[in-house]
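Peer 1: Please read through the structure below; I'll follow up with questions.
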Amino acid sequence: MTHPHDRVERERQFHDSLIREGHNTIATKEWWETPGGKVRFARRISLLNAACANLITPPQRARVLVVGCGEGEWINAISDFAEVAGIDISPEIITRVGSQLRNITDAQVEVGDAHQLRFADESFDICFANSTLHHLDLQIALPELHRVLRSGGLLIAGEPNRTNPQVWWMYRFSRNRSRYGLTPDEEAFSRKSIHNLLCQYFCKVSVSPFDFWHPALGHTDSNGCLFRFLQSIERVPIVRSLAGSLWIVAEK
């Protein structure tokens, strides 16, 4: 059996080495930084912003913990509408993020491990994780995320959907891992598997397949005909199960 500490160290070393060597994996470069990737990024930020607005009445701002904050894009975007703290397992990533924050009043970042959070109980309104939960030992991390959320707070996550053909292919064969920048331990979720696991810790859980907008489709806006068509497919039974991602909302 793999010890959780061993898994954490493999994740830390993997991401530290990417930064030191100046590499961007397909997961960061193509999924989020290309014109098509930015469309997917903006949609997630919009959904998170709406969740914050539903939880907290302005002028108060929601307190958001970003788990696996990456290189600063998520922190900067979320700081526009919430007080945000970001953690990442990689010291190299946190060093880079610290120099890129544009709102140092409402944003802070630090090296942190989701399996052992330093924050006090009920510190946050929302814990947000984008493509991060599948890197974690959730039997350990979920109780920690639950602990730092206030009563009625939300765990919100966007995760790769294993039912999607490309995602299945990426994770199915070991030779694909280096090509797609996958770490040794990560595995994508099916809708059922993550729903059942979250129900062990949270009182209300919603897992919705979404995001047919592949990064290769390039730039669009929310009024684009193709974008609106692909959004409509997300409401079609069976077909929606093939969407690229899962949008997860779990209430404490």
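Peer 1: If L226 meets every condition in (1) at pLDDT below 95; (2) under 21 Å from the mean Cα position of the chain (by Cα) apart from one, which number is that one?
Peer 2: Of everything listed in (1) at pLDDT below 95; (2) under 21 Å from the mean Cα position of the chain (by Cα), L226 misses just condition (2).
Peer 1: What are the residue pairs meeting all of these: first residue in segment 23-48, first residue buried (at least 20 other Cβ atoms within 10 Å of the Cβ) and modelled with pLDDT of 95 or more, second residue in a helix (DSSP H, G or I) and among the hydrophobic types (A, V, I, L, M, F, W, C), Cβ atoms under 7 Å, and 6 or more apart or on different chains?
Peer 2: Close Cβ pairs satisfying both conditions: L48/I78.
Peer 1: Exactly one of (1) surrounded by fewer than 19 Cβ atoms within 10 Å (Cβ to Cβ); (2) in contact with a helix residue (DSSP H, G or I) (Cβ under 9 Å, 6 or more places away or on another chain); (3) not acidic (D, E) is unmet by S178. Its number?
Peer 2: (2)
Peer 1: On the basis of being closer than 22 Å to R7 by Cβ and touching a helix residue (DSSP H, G or I) at 6+ places or on another chain (Cβ under 6 Å), does G218 make the cut?
Peer 2: The answer is no for G218.
Peer 1: With within 20 Å of S90 (Cα to Cα), in contact with a Cys (Cβ under 9 Å, 6 or more places away or on another chain) and not hydroxyl-bearing (S, T, Y) as the only criterion, which of L136, L149, L154, L145 stands out?
Peer 2: None of the other options fit; the residue is L145.
Peer 1: Please work out which one of (1) modelled with pLDDT of 95 or more; (2) out of contact with any Gly (no Cβ under 8 Å at 6 or more places or on another chain); (3) exposed (fewer than 14 other Cβ atoms within 10 Å of the Cβ) is the condition E187 fails and give its number.
Peer 2: So the condition that E187 fails would be (1).
Peer 1: Of all the residues that make up segment 211-242, how many are farther than 19 Å from P35 by Cβ and either without any contact (Cβ under 8 Å) to a residue 40 or more places away in the chain or surrounded by fewer than 11 Cβ atoms within 10 Å (Cβ to Cβ) (or both)?
Peer 2: Looking only at that region, the number is 9.
Peer 1: Sticking with this one: Residues being of a type in the set (D, E) and surrounded by 16 or more Cβ atoms within 10 Å (Cβ to Cβ): count how many of those fall in segment 100-122.
Peer 2: The qualifying residues number 2.
Peer 1: Just to confirm my filter: which strands (runs of 3 or more DSSP E) fall fully inside segment 62-153 and include at least 2 residues that are among the aromatic types (F, W, Y)?
Peer 2: Filter on segment 62-153 gives 124-130.
Peer 1: I'd like the full set of residues that are more than 20 Å from the chain's Cα centre (by Cα) and small (G, A, S), limited to segment 97-132.
Peer 2: S99, A120 - these are the residues of segment 97-132 that are more than 20 Å from the chain's Cα centre (by Cα) and small (G, A, S).
Peer 1: On to the next question. Looking at the structure I just gave you, is V84 β-branched (V, I, T), crowded, with 22+ Cβ neighbours inside 10 Å and within 26 Å of Q166 (Cα to Cα)?
Peer 2: no
Peer 1: What are the pairs with Cβ atoms under 9 angstrom where one residue, in segment 167-194, is more than 18 Å from T132 (Cα to Cα) and the other, located anywhere, is part of a loop (DSSP other than H, G, I, E, B)? Sequence gap at least six, or different chains.
Peer 2: N176/L182
Peer 1: Continuing with the same structure: Residue by residue through segment 94-129, note down the ones that are within 16 Å of L198 (Cβ to Cβ) and of a type outside the set (G, A, S).
Peer 2: Scanning segment 94-129 gives I126, C127, F128.
The values are calculated or read from the model by the stated rules, or taken from the named source; none is laboratory data. Computed from a predicted model, the values in this text were never measured in an experiment. All Cβ positions, even for glycine, are placed from backbone atoms using ideal geometry, and neighbour counts span all protein chains on display.
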